[in-house]
1. Principal axes first, then extents: for the Cα atoms of segment 15-75, list largest minus smallest coordinate on each axis, whole Å, largest first.
2. With every protein chain present, what is the per residue accessible area of segment 39-80 (1.4 Å probe, Å²)?
3. Non-local amide H neighbours of Gly98 (under 5 Å, H modeled in plane, Pro and chain starts lacking H): which ones?
4. Given the Cα atoms of segment 73-117, and with Rh set as the inverse mean 1/r over their pairs in the Kirkwood sense, what is Rg to Rh to two decimals?
5. Using the Karplus curve 6.51 cos²θ - 1.76 cosθ + 1.60 with θ = phi - 60°, work out ³J(HN,Hα) for each residue of segment 4-16 in order, rounded to whole Hz, and write x for Gly and Pro.
6. In whole Hz and in residue order, list the ³J(HN,Hα) couplings for segment 130-137 that follow from phi through the Karplus curve 6.51 cos²θ - 1.76 cosθ + 1.60, θ = phi - 60°; x for Gly and Pro.
7. Quick one: which residues, 5 or more positions from Asn22 or on another chain, have an amide H under 5 Å from its amide H? H modelled 1.01 Å from N in the peptide plane, none for Pro or chain starts.
8. Taking 8 Å as the Cα distance limit and 6 or more residues as the minimum spacing, I'd like the relative contact order of segment 21-119 as a percentage.
Amino acid sequence: MELPLPETLRRLRAHIEEPDLNPQELAAETALPVDTVRALLRGETLPPDTVDQRVCWRVKTLADAYLVQNEKRTGDLVAAVAERLGISEVWARKLLKGEKVPSVTFLRGLVDFFEVDGGEAFFTAPASEALNRVLQNRLRKYETPMADPVQVLMERYGVVGTDLRMHGSSMTNEQLEALLANVIKSVVMPTQGDTRR
């Protein structure tokens, strides 16, 4: 169940300090303007916008970031997007500059090209939802309990059940995982040259 943004922020702030909510990082992850992220973090209500405006802004933001991160020329990006979407370079350039709204089909292609999380909603969701999605991913790291290493290894190696008890062992999770991995491998996986079945 998705929490509303104010509740996500309240719960996240219980685990981290306010400086850890870096507006520049969040803006990069959401393709939102930094000022928009700051306003949302302060609990402000944003002026209404349209889906077309959101899509154009986010496509342009992603394109600009892609050029910087990959040290590419605009022409290279335009050519790559045109080829991926099966459109002319003129049309691709207008999409990447935020001058044209992509169709649903092209939007799906942009999701794949830029490898964004959230599918088409990455481009179409209101700013509060876009930020909330990213913050909820961070919140899950704090609120989702760590998997039991014994259970993970048992599942990985197909062990259905065991009566292994730690009885006050002072092993770390990493030490226990290494020990159990070796034990399970030696029991479950035949050694090379072992022709017994």
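The values are calculated or read from the model by the stated rules, or taken from the named source; none is laboratory data. Only a predicted model underlies this, so the values are computations on that prediction, with no experimental measurement involved. Accessible surface is based on the protein model in full, side chains and every heavy atom, while ligands, DNA and RNA are left aside. Shrake-Rupley method; radii C 1.70, N 1.55, O 1.52, S 1.80 Å.
1. Principal axes ranked by extent give 41, 29, 15 Å for the Cα atoms.
2. On the way: 2670 Å² over 42 residues.
Accessible area per residue: 64 Å².
3. Lys60
4. Working: Rg = 9.5 Å, Rh = 10.3 Å.
My calculation puts Rg/Rh at 0.92.
5. Ordered by residue, 3J(HN,Hα) equals x, 3, x, 6, 4, 5, 4, 6, 5, 5, 6, 9, 10 Hz.
6. 5, 5, 4, 4, 5, 5, 5, 4
7. none
8. Numbers: 72 pairs, mean separation 22.3, N = 99.
Answer for segment 21-119 is 23 percent.
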